[in-house]
Each structure stands twice: as structure tokens, then as C-alpha cells.
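Student: Once you've had a glance at the structure underneath, I'll fire off some questions.
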Amino acid sequence: MRRPGQIFDRYQLLEHAWGSEYEARSNVVEVYVRYLREKIDRPFGLRSIETVRGLGYRLRTDAGRAADPVLP
């Protein structure tokens, strides 16, 4: 939230949230990104967490309005 627009790869997110000893092969980052999207995007019809293919995730700097409606 402090650095919208900056891309963070899954290893950076793992290290910051769970420490460097956490199992890097786990899909915990993907699971928690999905949880966050369910909590902060879906209820408001937004897409604020963006997946940057091959690089990681970032918070959008624009309003994050979804081009397509978010289905329940």
C-alpha cells in the first residue's frame, strides 16, 4: 500500500511477510493475493491488485475500476 505502482515479485512478498526462512516453493502468495482480491476488490467492483505476468504483483495507481464487471 505504501508503494503503489511498484512491482513486487513473490519472493519479495514472502520475505517481507513471512521471513526469509519460509518455503519459497509454496503458493501462499497466490492464495493470499486471491484472499485480498476477494476482500478489497470484489465488493467494490475494483481491480486494484494487478498481476504483472512474469514479474509479480502491484497496486494500480489509477482508480482501479474494472473494465468488465466483477462477477459474484
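Taken together, the values in this text are just the output of simple stated rules run on the coordinates, not laboratory data. What you see is a predicted model, and the numbers here were worked out from it, not measured in a lab. Note that each Cβ is placed from the backbone with ideal geometry, even for glycine, and that neighbours are counted across all protein chains shown.
Student: Subtract the Cα-Cα distance of R42 and T61 from 0.36 nm times their separation in residues, and report this length gain in nm to one decimal.
Tutor: Once the chain is fully extended between R42 and T61, it gains 5.1 nm.
Student: Less than 14 Å Cβ to Cβ from E38, Lys/Arg counted +1 and Asp/Glu -1: what total charge do the surrounding residues give?
Tutor: Every neighbour counted, the sum reads +3.
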